[in-house]
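Report on one structure; see the data block that follows.
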Amino acid sequence: MTAPIPTSHIAVTVPEVMAALKYSRGKVYDLIRSRALPSYTEGRCRRIPLDALRTYMNNRLEEAA
């Protein structure tokens, strides 16, 4: 079982996004490339701000409604 997204963080890793959304690594990177999910790199590590992840999920919920 995967752990939920840590709420004490301000940015999460790709594997954490994968676990939270139940998406594949490729799907997450597709979202990043298409700029649907903003991210940044710190050295060789890719990070997704939690606010960006919440915005993406809210947008998806609005589209589905």
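The values are calculated or read from the model by the stated rules, or taken from the named source; none is laboratory data. Just so you know, these numbers come straight off a predicted model, no measurement behind them. When we count neighbours, we look across all protein chains shown, and the Cβ atoms used for this are built from the backbone with ideal geometry, even at glycine. Just so you know, the surface numbers come from the protein's heavy atoms only, side chains and all, with ligands and any DNA or RNA stripped out. Shrake-Rupley method; radii C 1.70, N 1.55, O 1.52, S 1.80 Å.
The set of residues in the range 34-57 that are over 12 Å from the mean Cα position of the chain (by Cα) and open to solvent by 80 Å² or more (accessible area, probe 1.4 Å) comprises GLU42, ARG44. Whenever a residue of the range 11-40 is among the charged types (D, E, K, R), its partners that are part of a strand (DSSP E or B) and crowded, with 17+ Cβ neighbours inside 10 Å, lying with C-beta atoms within less than 9 angstrom and at least six residues away or across chains, give the pairs GLU16/ILE48.
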